[in-house]
Amino acid sequence: MIDAMNVEEPSIEKYLRQDRLPHIWCSGCGIGPVAGCFLRAIDREEIDPDRIAVVSGIGCTGRVAGYVKLDSFHTTHGRAIPFATGLILANPELNVVVFSGDGDLVAIGGNHLIHAARRNIDMTVICVNNFNYGMTGGQVGPTAPLEARTTTTPYGNFEFPFNLPYLVSASGASYVARWTVLHIRQLEKAIAEAMTKPGFSFIEVIAPCPVVYGRMNKEPKGLDSMYYYQEKSVIRNGADPKDADLELNGPIVVGKFVDVQRPTLWDHLREVSSRAQEKAKARAKV
Amino acid sequence: MTEYQELTGKFFINGDVACAEGAISAGCRFFAGYPITPATEVAERMSTRLPQVGGIYIQMEDELASMNAVLGASWAGVKAMTATSGPGFSLMMENVGLGVMLETPCVLVNIQRAGPSTGLPTLVGQQDMMQARWGSHGSYEIIALAPISPQDIFDLTITAFDLSEKYRIPVLIMSDEVVGHMSEKVVIPHVAPESLLNRRRPEVPPGEYLPYKTDVGLVPPMAVAGEGYRFHVTGLTHDERGYPVMTADAQDRLIRRLVDKIRLNRDDIIKYKETQVEDADIIVCAYGITTRIAQFAVKMARDEGIRAGLLQLITVWPFAEERVRELSLQTKAFVVPEINYGQIVLEVERCAGGKARTILVPHMGGGVHSPETILEAIRETAQ
Amino acid sequence: MKLWRKPFDYAEKATTSGQVFIDEERCKGCGYCVEFCPREVLKMSTELSPKGYNLAVVQDESKCLACGFCEVICPEFAIRISTTNEK
């Protein structure tokens, strides 16, 4: 007996700018699934979509803002976080999500990232890390592992990469997690947790970039990267982020590393503002 | 947001403080900045005043962040401002372009010091005038105002907010260290909120709203985040929907509108003040602090029997082209004193078009002209 | 290697079956859905689409349990699962 039911799967179509699809990302690109997780997380947590603002910088991941049917801002390279800071401070009712890539958030925008974490400002940052500048054709990024080949490290990368969870947790974030695109269910849950958590939340998503990074690093198909994640990922929730370094073809430590309650920027700001208003009132009475 | 606590009356304050008070009176409720001499006092005053009136002050990690936070706040529906000086102004340039492209109302104050580079941080300059016009990449128009006194910067800050809201564009206040640090009497009047201009809001329901569709005039109505309009805006060349379109046609349509919304409204935007130009053989064209010295020089020249006049540029950008062209037909020469080695003089010379001579009286910065220097230039020109 | 067995309460519990809808306009043939489907419901087409991709197509829908993994892993938002309950 077949009992036909309504489609219960949270359909993300209502959150997509369908008139803009198919999107510009390459076949096998990891950004799409991450964007999907984000959109499903909205339903999962029943967040009012009208209250969400998505801010992106420049690059492949920066294009996420253009495909979601939410208030969305595609800003300049590296400046998504300060733009988002202005939005959330001017309207604390907003649920601000910054969606950008590793080059945008950590290289050109690295200063803003650590300062936003330091402030513990109420926003969620989703960093799609594909180890290179995909939009410009695959140049070395701040997270590219040692020895990785890119179009600007043709003999191998000679720089040390950032360990993003370590960087961001040391800077003061309330929530830090890392997942790969293959850990799609955990990722969706993590984004949902991050979006509902007060304070600064950061999620690094290791994502395939088959057409540029993968092609130069023996993962020419998205599936090659996915097999690598399947084989080498180690889930270690609560692990010390400093032990989560990434190496070329090495293990990928994933999990929820940090989930703590800390007073947010708003908590202190509200207190100080009310103090200022009381002082002003007292002076006005005199 | 709490009730606006008005601060009215007569005060003896410097230009930076007057600027901050002007912003508060104009309804500015967000300031993001970064300390820099000689603009720091604007930030300091805002950090005291904004919390009192229910606004937000935040010191960002640099000027790039400050400018972006201001744009973000404006898109959340709050009037926002930042203040800086030379090096910080350079850092803000890219995102002034973003402000122009997204059509974001905001005000950027530049208390100019002498450059290039770190230059003379504590001393006066008027050396960013061309950067104000052309500093961000691409083809665009901008509005820049030049105040001459603390009272003037108070008044012009209100004007700046009005213009930015009306035309949806970042408006620059190109002041200088002397005006910023000089203390004078400033009268702060009651500014009725109804007298202030606010961006036009969309009148259509969310489903029908297109962020860059113009109805009346060239300035589209502006939705803000969190109201359910679910709009997309991008620094990429875009169409009426706000969607990126990578074609020469889309670029042509967009840039023409962004430029024309200012150019075609220049009569409304451009303000200048003339003294004794009707019969003048020589017109001193000045802006900012230099205007006040030029006033002396013109008076001294008149006392000597030289028919001199003064054209003060209140709005520096867009430039008062038509007026300078008209004046070039009735005067013999323009004398242009400025605290740089020749910037606005190029515009005057271009508009004079050979009909009247144009003489630059430069000052490299670190001080202001003496009236005698300008008088000397007037005398030489008169011969 | 078989990693699963039939649950002891299989007979009493309702199982879900699904219908898979693939948007051919959006699919770019990355193969994630085909590779990670636990029930081998999908396969890659041998013919090229107009845009030059081998698209994912349904091979045996009767095996689908509507786990939804293909839908969430699809980078193109091209797959939708419709569920039905069977007793």
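Each reported figure results from applying straightforward, stated rules to the coordinates on display, with no laboratory input. Just so it is clear, the model here is predicted, and its values are computed rather than measured. No Cβ is skipped: glycine too gets one built from the backbone with ideal geometry, and neighbour counts run over all protein chains shown.
On the basis of being more than 13 Å from chain B (Cβ to nearest Cβ), surrounded by 24 or more Cβ atoms within 10 Å (Cβ to Cβ) and not aliphatic (A, V, I, L, M), does A:Gly59 make the cut?
Working: more than 13 Å from chain B (Cβ to nearest Cβ): no; surrounded by 24 or more Cβ atoms within 10 Å (Cβ to Cβ): yes; not aliphatic (A, V, I, L, M): yes.
No; evaluated as a whole, the condition is false for this residue.
Pick from A:Asp19, A:Asp43: which is of a type outside the set (Lys, Arg), part of a helix (DSSP H, G or I) and at the interface with another protein chain (Cβ under 9 Å from one of its Cβ atoms)? Give the steps one after another, and end with the answer.
Values: A:Asp43 fails: at the interface with another protein chain (Cβ under 9 Å from one of its Cβ atoms).
Just a single option satisfies the conditions, and that option is A:Asp19.
If only one of A:Val253, A:Val260 is of a type in the set (Val, Ile, Thr), within 13 Å of A:Val176 (Cβ to Cβ) and either surrounded by fewer than 14 Cβ atoms within 10 Å (Cβ to Cβ) or in contact with a His (Cβ under 6 Å, 6 or more places away or on another chain) (or both), which one is it?
Values: A:Val253 fails: either surrounded by fewer than 14 Cβ atoms within 10 Å (Cβ to Cβ) or in contact with a His (Cβ under 6 Å, 6 or more places away or on another chain) (or both).
After ruling out the rest, the residue left standing is A:Val260.
Which residue is farthest from B:Gln127 (Cα to Cα), if the candidates are limited to region B:346-383 and must be in a helix (DSSP H, G or I) and polar (S, T, N, Q)? Don't jump to the end; show me each part of the working.
Our first condition is that a residue be in a helix (DSSP H, G or I); within region B:346-383, this holds for B:346-352, B:371-382.
Filter again for polar (S, T, N, Q), leaving B:373, B:381.
On the way: B:Thr373: 19, B:Thr381: 25 Å.
Only one residue fits best here, namely B:Thr381.
Please return the ranges of strands (runs of 3 or more DSSP E) entirely within region C:22-87 where 1 or more residues are more than 9 Å from the chain's Cα centre (by Cα) and more than 8 Å from chain A (Cβ to nearest Cβ). It would help to see each step written out before you state the result.
Numbers: elements: C:42-48, C:54-58, C:79-86.
Correct list: C:42-48, C:54-58.
For the condition surrounded by fewer than 15 Cβ atoms within 10 Å (Cβ to Cβ) and either among the hydroxyl-bearing types (Ser, Thr, Tyr) or out of contact with any Gly (no Cβ under 6 Å at 6 or more places or on another chain) (or both), what is the one hit in C:Ser62, C:Ser82, C:Ser45?
Working: C:Ser82 fails: surrounded by fewer than 15 Cβ atoms within 10 Å (Cβ to Cβ); C:Ser45 fails: surrounded by fewer than 15 Cβ atoms within 10 Å (Cβ to Cβ).
After applying the criteria, what remains is C:Ser62.
Would you mind finding the one in A:Ala35, A:Ala65 that is closer than 30 Å to A:Pro220 by Cβ and within 9 Å of chain B (Cβ to nearest Cβ)?
A:Ala65
Out of A:Leu182, A:Leu113, A:Leu167, report the one residue that is assigned to a helix (DSSP H, G or I), of a type outside the set (Val, Ile, Thr) and buried (at least 24 other Cβ atoms within 10 Å of the Cβ). Spell out the reasoning first.
Working: A:Leu182 fails: assigned to a helix (DSSP H, G or I); A:Leu167 fails: buried (at least 24 other Cβ atoms within 10 Å of the Cβ).
Every option except A:Leu113 fails the conditions.
With the condition kept exactly as written, say whether any residue in region B:186-197 is closer than 30 Å to B:Ala114 by Cβ and over 17 Å from the mean Cα position of the chain (by Cα). First the steps, then the outcome.
At the first step, the residues of region B:186-197 found to be closer than 30 Å to B:Ala114 by Cβ are B:186.
Subsequent filtering for residues that are over 17 Å from the mean Cα position of the chain (by Cα) retains B:186.
Taking every residue of region B:186-197 in turn, at least one turns out to be closer than 30 Å to B:Ala114 by Cβ and over 17 Å from the mean Cα position of the chain (by Cα).
Among the residues of region B:335-361, write down those that are buried (at least 17 other Cβ atoms within 10 Å of the Cβ), of a type outside the set (Asp, Glu) and under 22 Å from the mean Cα position of the chain (by Cα).
Passing the criteria: B:Val336, B:Pro337, B:Ile339, B:Asn340, B:Gln343, B:Ile344, B:Val345, B:Val348, B:Cys351.
Inside region A:254-286, can you point out the residues that are outside any helix (DSSP H, G or I) and either within 22 Å of B:Arg49 (Cβ to Cβ) or within 12 Å of chain B (Cβ to nearest Cβ) (or both)?
Step one: of region A:254-286, the residues outside any helix (DSSP H, G or I) are A:254-264, A:286.
Across region A:254-286, the qualifying residue is only A:Val286.
I want to confirm something. Restricting to region B:27-55 and keeping residues that are surrounded by fewer than 24 Cβ atoms within 10 Å (Cβ to Cβ) and outside any helix (DSSP H, G or I), which single residue is farthest from the other protein chains (Cβ to nearest Cβ)?
B:Thr37
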